[in-house]
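Asks: Below is a structure I'd like to ask you about.
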Amino acid sequence: MTKFEDADRQNGSSTLPVRLPGIGSVIDTLAGHILENQASVAQTMARKQPTETCLGIAAVLAMEYVFASRQGLLKLLELEFFGRDVVAVLDSRFIDFVNQSQGSYAQLLDKEIAFYQWVAQESAKPASTLTHKINLLNRKIGQPVQAQLQAGMLNLALAIEGGHSLSQRTIRQLVGPYDPVEQVRKFRTDPTLDFFYLTLTHLSHVPEQPLCSHAFGFKLVKNVPAARPQFGGLTQLGRDVVRACVDTKAIPHPILIDIKHMSARGRDEFFAYRRELLAQQPDGFLAPGPNNTWPVVATHMGVTGFRRRQMRSHLVQYGVEAANPFSVRLRFNRDRAGQFKQGLVKENVFFNASSIGLFDDDIEEIALSGGLIGISLDARILGFQDVVQRNLEGPDHDFDYFSRDDFAAYFPELSQALPPLAEKEEAGAVPGAELLPVGFGNELLGQADRRTRELYLFCLNVLHVVAVIKNLGAAVPRNAWDFVCLGSDYDGLIDSIKAARTVDHLPGFRQELLDFFPKAEKAYRKLRDDAPELLPRSNGLPEVEPVLEALFFGNGHRFLLDWWG
């Protein structure tokens, strides 16, 4: 985002970490290093041996209007003083392109694709000036992926985060031709380009190409209705895009579907449509996998801790804000994730009840499909609350949004009379204030610090996924630990957990988990009398190292080889 013109982006600094101006660096430090967590190739390859194989997914997307609008986060970060960037080094032409409707999201996506392709081509040159290099994986070059993996380079599979990036209509214009299905076919038949998955929606309602209602997740803007879901579930156009991605009747090399960012109802309807395609095989539909199936992925997730049918018992507030008339604001009670002792004090941590996380039903669908769940390293997604939120504000800050249609589908009797609600979300008065987590994560004397609570929450989110899959028994022939991996989400906008602040902290994070997983399993089972042992055992003692190897590399590697190998 620091350079808009393609030629300006093509230089040796493209693989290095983002550098912030002085004021921006101070703000980012106070905010928890949110901007700094943007991953780079150099950080990913830090401390790696030349013989090591490094593997990841690069999710490309087009910047949405909610980010660039006057109330949006990136517009705030574009603050300049005497022509110099103050908070972050962003090229204002990105903001202008979106705000002034100078083109389409598809054009912005093409710029991102071209950038990665340039880095890959430059990396392959013997005389390359790049210090840190990438290898773009591509099933279409006639070799198995295992043979393509290169030691000493960052091996990347591309993915698309947000189906809006397929839109060929001018941004915020509802006229003109558009065909996201044809865009998918173009990508699938292009021999130079390959995508691992498509995240069908992202963080906003895009009226020029509605595919699926999104789960509310962007809390840093005020009075931008597009940040809230506006319509119901999975549209017919969304179904068409799903089929275009996975049907291998005419075109090989499918693009998997990622359910991250889909609304609860969108996920429900996607699962139903997937079952319909597999059972009925309309017009000769051919699923990409053996036994006529295909796996569902959820790429950077947390869990709610309960099932969809339990939403009603968790719902404690609902209504409509005047500034957001097409959405219903909800508040759900949180489920306790685990209890542990810090000194003389018993501590509780809670899962995030918002519908952007996985319900237990979602976990089961993914496991039964043979899919994979990536666990996010975003503290908020995992359920972290600072001392102010836990002890002073209570749950009142904890809100979610459904579209009116989606709310009526789950709560038909309540949808008949929606009470008015005062707005809860306030924009910051000072540039950068939107980035500052409430209370800065400070803790009261005697309570567990933020780092400890986050480590427990990461482990507890993983353990809950494993527990739900274990309960499926023989319906899932594989080990429950085979279905989880790192979801990370180092995109420069998350509040990453302190033990894994940036991607180069992952080795140390892994070491800390050796100690925390057994403690977290104990904390999880203490609240659930029926929970079995979740970690593998040897001579009665938990074995954590095999679990971490699977979580940090093995499961993702195996899954890629299964579906791309």
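Asks: Pairs of alpha-carbon atoms within less than 8 angstrom and 6+ residues apart define the contacts here; what relative contact order does the chain have, in percent?
Replies: This gives 15 percent for the chain.
Asks: Report, in deg cm²/dmol and to the nearest 500, the calculated mean residue ellipticity at 222 nm for the chain, where each DSSP H run with n ≥ 4 adds -39500 (n - 2.57) and the sum is divided by the residue count.
Replies: Mean residue ellipticity, 222 nm, calculated: -9000 deg cm²/dmol.
Asks: Restricting to bridges with both residues inside the chain, how much of the DSSP beta-bridge set is antiparallel, in percent to the nearest 5?
Replies: 45
Asks: Excluding residues fewer than 8 places away in the same chain, name every one of the aspartates and glutamates whose C-alpha is closer than 20 Å to that of Lys498.
Replies: Asp28, Glu36, Glu347, Asp378, Asp386, Glu434, Glu443, Asp449, Glu454, Asp489, Glu512, Asp515
Asks: Beta carbons within 10 angstrom, averaged per residue: use that to sort the peptides 195-201, 111-117, highest first. Before the final figure, lay out the partial values.
Replies: Numbers: 195-201: 26.0, 111-117: 16.4.
My ranking of the peptides, most packed first, is 195-201, 111-117.
Asks: With an 8 Å Cα cut-off and a minimum separation of 6 or more residues, compute the relative contact order for region 112-153 in percent.
Replies: Taking the mean separation of contacting Cα pairs over the length of region 112-153, I get 30 percent.
Asks: For a test of the definition: using alpha carbon positions, the gyration tensor, and the 1.5 limit on a/c, classify region 59-204 as rounded, prolate or oblate.
Replies: Oblate shape, in that a/c is at least 1.5 and b/c is the bigger or equal ratio.
Asks: Next question, about the same structure. By the gyration tensor of its Cα atoms, with a ≥ b ≥ c the square roots of the eigenvalues, what is the shape of region 286-365: rounded for a/c under 1.5, prolate for a/b over b/c, or oblate? Each step should come with its number before you reach the end.
Replies: On the way: a/c = 2.76, a/b = 1.24, b/c = 2.23.
Oblate, because a/c is 1.5 or more while a/b does not exceed b/c.
Asks: Also: Under 24 Å between alpha carbons, and skipping anything fewer than 8 positions from Lys526 in its own chain: which lysines qualify?
Replies: Lys341, Lys346, Lys470
Asks: Continuing with the same structure: What is the local net charge at Gln339, summed over the other residues whose Cβ is closer than 10 Å to its Cβ (Lys, Arg +1; Asp, Glu -1)? Walk me through the numbers on the way to the answer.
Replies: Numbers: positive: Arg336, Lys341, Lys346, Lys522, Lys526; negative: Glu347.
Local charge sum for Gln339: +4.
Asks: If you don't mind, there's one more thing I want to ask. What lysines sit close enough to Lys111 to cross-link, taking a C-alpha to C-alpha distance under 18 Å and skipping anything fewer than 8 places away on the same chain?
Replies: Cross-link targets: Lys3, Lys186.
Asks: Tell me which residues come under 5 Å, amide H to amide H, from Leu421 once H is placed; ignore anything under 5 positions away on its chain.
Replies: For Leu421, whose amide H was placed from the backbone, the distant partners under 5 Å are Val320, Glu321, Ala322.
Asks: Under 5 Å between amide H atoms, partner at least 5 residues away or on a different chain: which partners does Leu486 have, H built in plane at 1.01 Å?
Replies: Residues meeting the amide H criterion: Ile375.
Asks: Same structure, new question: In the chain, which helices (entire DSSP H runs) extend 18 Å or more along their own long axis, judged by Cα positions, while averaging at least 0.0 on the Kyte-Doolittle scale?
Replies: Long hydrophobic helices here: 450-470.
Asks: Does the chain come out rounded, prolate or oblate, given a ≥ b ≥ c as the square roots of the eigenvalues of its C-alpha gyration tensor, rounded meaning a/c under 1.5 and, failing that, prolate meaning a/b above b/c?
Replies: Rounded, since a/c falls under 1.5.
Asks: All other residues with a Cβ under 9 Å from the Cβ of Thr199 taken together, and with Lys, Arg as +1 and Asp, Glu as -1, what is their net charge?
Replies: -1
Computed from the coordinates by the stated procedures, all read-outs in this text should not be read as laboratory data. This structure is a prediction, so every number in the text was calculated from the model and none was measured. Reconstructed Cβ throughout: ideal geometry from the backbone, glycine too, with neighbour counts over all protein chains shown.
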